[in-house]
Amino acid sequence: MTQTLDRSAVPDGTPSALSVIDTDVHEMIGNPLEFLQYVEEPWRGRIHPDNWMGISIPYSWPTTGGLARPDARPTNGLRAGSDYQLMRTQHLDAFNIKHAVLTGLLYPSEFKVQPDFAVGLSQAYNRWVVNEWLAKDSRFLGSICVAAQRPDDAVAEIEKWASHPQMVQVLLPVISHDTMGRDYYHPIYEAAVRNNLVVGFHQGANVETAVGLPTYFLEWHTAISQAWQCQLISLVVHGVFEKFPDLRVVMIESSWTWLPHLMWRFDHNYRSLRREVPWVKRLPSEYIRDQVRFTTQPMEFAENPDHLYQMFEMVGNDEFLMFSSDYPHWDFDAPDRSLPSSFPPDIRRKVLHDNAAKFYQLGAAR
């Protein structure tokens, strides 16, 4: 979490008075029996304590509440993020959230085995999200869950749900075992463009670093930004943005302060090596500035707040960053504490609302 914003120094029209768009809210499966009713056979019979009970990271969580904020756990003992009423009171209403983009925590695209099972789970998850979450609050915006291992099935799922008025993006995990710029995945991007949907890349439970799974959670949590970097490079080098100039991509929960360095290095190498990839017609940084966005959380704390804003300016596009809370997780960021005072009021407004409204095509701020 970054430096706390001094509310007394904030003029009207900034965080306390502004509607907020949150681009990363995790709705969770609380009661497995509730979810099971949406899973068709033969996949339903595979979800059992003796078989498969969902994805979990390979580390224990060295925090008091585990994965979540302790106060976000409902009194019924189910998982944090599974109780709509608590989420509404504790987050949506408390922070004037105009829209919350739901990103879940089940990403079948990262399965390395049983792709048919992954397809079945993605289909069930979309039905569950629509009925159990989107139907409860018009502020919720949905992410279509797909199994990228089977692009044809992923496209069918996109086509099935794209017309839902609250669905705004296709969600993919930043897997560590493949590069998602490859032609194999292009039908997914084509379907997203055809249906005017954003493609969001979020970390999954199985993402690894350049050295696999390091010894400690601290190492893993610090180094996993490498996964987003690799996928972003892949999308550019494989010509995804050139092939789909209307494609909109957001890197969710990736951090972003590494972006200036990546663009500098990428452009430098492209100038020397572009002969290898003649289908890439522009500097990599140009594609990134035009078609890629990032979310705020987790955003590194700089000892000097001015340095963080300088990093923001180095990206060269004040529309690239969108607010995210990561509710209900342990490193949650509140809207009024997510940006240091070095960010001027007009930029805070863009980050907290306007950039996401434009990128997701949600309309103007009230």
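The values are calculated or read from the model by the stated rules, or taken from the named source; none is laboratory data. If you're wondering where the values come from, they're calculated on a predicted model, not measured in any experiment. Cβ placement follows ideal geometry from the backbone for every residue including glycine, while neighbour counts extend to all protein chains displayed.
Could you check, for the stretch 119-127, whether at least one of its residues is without any contact (Cβ under 8 Å) to a residue 24 or more places away in the chain, in a helix (DSSP H, G or I) and surrounded by fewer than 21 Cβ atoms within 10 Å (Cβ to Cβ)? Within the stretch 119-127 (the criterion being without any contact (Cβ under 8 Å) to a residue 24 or more places away in the chain, in a helix (DSSP H, G or I) and surrounded by fewer than 21 Cβ atoms within 10 Å (Cβ to Cβ)), the answer is no, since none of the residues qualifies. In the stretch 316-336, of all residues being under 21 Å from D346 (Cβ atoms), surrounded by fewer than 21 Cβ atoms within 10 Å (Cβ to Cβ) and among the charged types (D, E, K, R), the one that is nearest to the chain's Cα centre (by Cα) corresponds to E319.
What about F312, is it over 17 Å from the mean Cα position of the chain (by Cα), buried (at least 21 other Cβ atoms within 10 Å of the Cβ) and more than 22 Å from S234 (Cα to Cα)? Considered against the rule, which asks whether it is over 17 Å from the mean Cα position of the chain (by Cα), buried (at least 21 other Cβ atoms within 10 Å of the Cβ) and more than 22 Å from S234 (Cα to Cα), F312 comes out as yes. Would you check which residues across the stretch 155-178 are within 20 Å of the chain's Cα centre (by Cα), farther than 30 Å from H91 by Cβ and at pLDDT 95 or above and list them? Of everything in the stretch 155-178, just one residue is within 20 Å of the chain's Cα centre (by Cα), farther than 30 Å from H91 by Cβ and at pLDDT 95 or above, namely V155. Taken over the stretch 337-363, the criterion of being in contact with a strand residue (DSSP E or B) (Cβ under 8 Å, 6 or more places away or on another chain), outside any loop (DSSP other than H, G, I, E, B), surrounded by fewer than 23 Cβ atoms within 10 Å (Cβ to Cβ) and of a type in the set (A, V, I, L, M) is satisfied by A357 alone.
Restricted to the stretch 178-252, the set of helices (runs of 4 or more DSSP H) holding at least 1 residues that are surrounded by fewer than 22 Cβ atoms within 10 Å (Cβ to Cβ) and in contact with a helix residue (DSSP H, G or I) (Cβ under 8 Å, 6 or more places away or on another chain) comprises 186-194, 225-237, 240-243. Under the condition of being of a type in the set (F, W, Y) and touching a residue at least 60 places away in the same chain (Cβ under 8 Å), the residues counted in the stretch 294-333 number 6. Scanning the stretch 67-111 for residues that are more than 28 Å from M180 (Cβ to Cβ), among the hydrophobic types (A, V, I, L, M, F, W, C) and part of a strand (DSSP E or B) turns up A68, I97.
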